[in-house]
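K.L.:
This is the structure, below, for whatever I ask next.
Rule-based calculations on the coordinates, nothing more; no lab input. Nothing here was measured: the structure is a model prediction, and the numbers come from that model. Note that each Cβ is placed from the backbone with ideal geometry, even for glycine, and that neighbours are counted across all protein chains shown.
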Amino acid sequence: MRHWLPEMVAVPLLPLLVVQGRRTRRVTPRLPEAQGPTQGCTHADADGRTLRLLTVGESPVAGVGVDTHESGITGQLARALAERSGMPVAWHAIGRNGATAREALVELVPLVPRAPVDIAMIAFGVNDTTEFRPVHRWRHDLAALIEAVTARAQPRCLILAGVPEVGRLPALPQPLRAVMGMKARALDMVTRRLAATLPGTIYVPVGMDPDRPDHIASDGYHPSAAGCAVWAQVVAQACRLSELR
């Protein structure tokens, strides 16, 4: 896909897209971030080593669409990693609803502890999609964010989450859904290519299926607990756990 194609398609539709965007924001339920602790551990093991997991991201990492962080992407990824590795996983979720990659540099990176982790996952893109962030700026923001998180957390394995399939989210009407879907795919392509240039970095697409109602929260926009469970399994499978023992 040409990086500028979404903008070309959007220009003649702009008046309609603005109306649809405003109406969508007005009628879509505003779900809160998850309640409860943003850190935890799957189980105690005094004799063995504990895997350390850090997630930094937008609304799914903040737990929008689920009740607690344990049922969100971070807690479920920790359980999936524990099942596959046989080791306990200590997890820490650092997220904010509505955050772009650029905003995360200022607001979320300072919250990342200066302590080494085994696995870090960075998950952004939906808000950059809805803001129609130019692809070259998205790449710059994402690269800077990766560098900043890596400098503080020193992950042995970095997971770069793909941009979710915004064009399949039921909360968005057409043609807004199609245009946003094109923009999300353009940003996702840049994300995939950036990951390929970075040592120790693995690109992993968001694994949930937006066409399955049980994978989407009640707002038709965010992943549900079931959607997070599927996504977590995809990420856990991509991690090279044998190299982290």
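K.L.:
Could you give me the ³J(HN,Hα) list for region 202-218, computed from phi with Karplus coefficients 6.51, -1.76, 1.60 and θ = phi - 60°, whole Hz, x at Gly and Pro?
P.N.:
So the Karplus estimates, Gly and Pro as x, are 10, 7, 9, x, 5, x, 6, 10, x, 7, 9, x, 6, 8, 10, 5, 5 Hz.
K.L.:
With θ set to phi - 60°, apply the Karplus curve 6.51 cos²θ - 1.76 cosθ + 1.60 along region 162-167 and write out the HN-Hα couplings as whole Hz, x wherever there is a Gly or Pro.
P.N.:
So the Karplus estimates, Gly and Pro as x, are x, 6, x, 7, 4, x Hz.
K.L.:
Where both residues lie in the chain, what percent of DSSP beta bridges are antiparallel, nearest 5?
P.N.:
15 percent
K.L.:
About the Cα centre, and with charges only on the beta carbon of Lys, Arg (+1) and Asp, Glu (-1), how big is the dipole of the chain? Nearest 20 debye, please.
P.N.:
620 debye
K.L.:
Let me ask another. Among 186-192, 87-93, how do they line up by average Cβ neighbours within 10 Å per residue, starting with the highest?
P.N.:
87-93, 186-192
K.L.:
Could I ask something else about it? Please list the three semi-axes, largest first and in whole Å, of the ellipsoid equivalent to the chain, using sqrt of 5 times the eigenvalues of its alpha carbon gyration tensor.
P.N.:
Each semi-axis is the square root of five times an eigenvalue, giving 30, 20, 15 Å.
K.L.:
While we're looking at this one, here's another question. Among the trypsin sites (Lys or Arg not before Pro) in region 28-95, which ones are in a DSSP loop with at most 14 other Cβ atoms within 10 Å of the Cβ? Mind listing them?
P.N.:
Here the trypsin sites (Lys or Arg not before Pro) that fit, given the DSSP loop and packing criteria, are Arg30, Arg49.
K.L.:
Also, I was wondering about something else. Stick to the Cα atoms of region 165-245, pair each with every other, and give me the Kirkwood hydrodynamic radius in Å at one decimal.
P.N.:
14.1 Å
K.L.:
When the convex hull of the C-alpha atoms of region 1-86 is computed, what volume per residue in Å³ does it have?
P.N.:
Cα convex hull per residue, to the nearest whole number: 135 Å³.
K.L.:
Sticking with this one: Can you list the residues, at least 5 places off or on another chain, whose amide H is less than 5 Å from the amide H of Gly57, using H built in the peptide plane?
P.N.:
Ile94, Gly95, Arg96, Ala123
K.L.:
Packing-wise, with mean Cβ within 10 Å as the measure, how do 220-231, 55-66 rank, highest first?
P.N.:
Per-residue Cβ counts within 10 Å, averaged per peptide and sorted highest first, yield 55-66, 220-231.
K.L.:
Rank Gly162, Leu176, Leu198 by how far each Cα sits towards the positive end of the charge dipole of region 160-227 (+1 on Lys, Arg Cβ; -1 on Asp, Glu Cβ) and give me just the farthest.
P.N.:
Leu198
K.L.:
From the helices alone, meaning DSSP H stretches of at least four residues, give me the mean residue ellipticity at 222 nm for the chain, per-run term -39500 (n - 2.57), in deg cm²/dmol to the nearest 500.
P.N.:
It lands at -14000 deg cm²/dmol.
K.L.:
Magnitude of the Cβ-charge dipole of region 151-245, K/R +1 and D/E -1, about the Cα centre, nearest 20 debye?
P.N.:
400 debye
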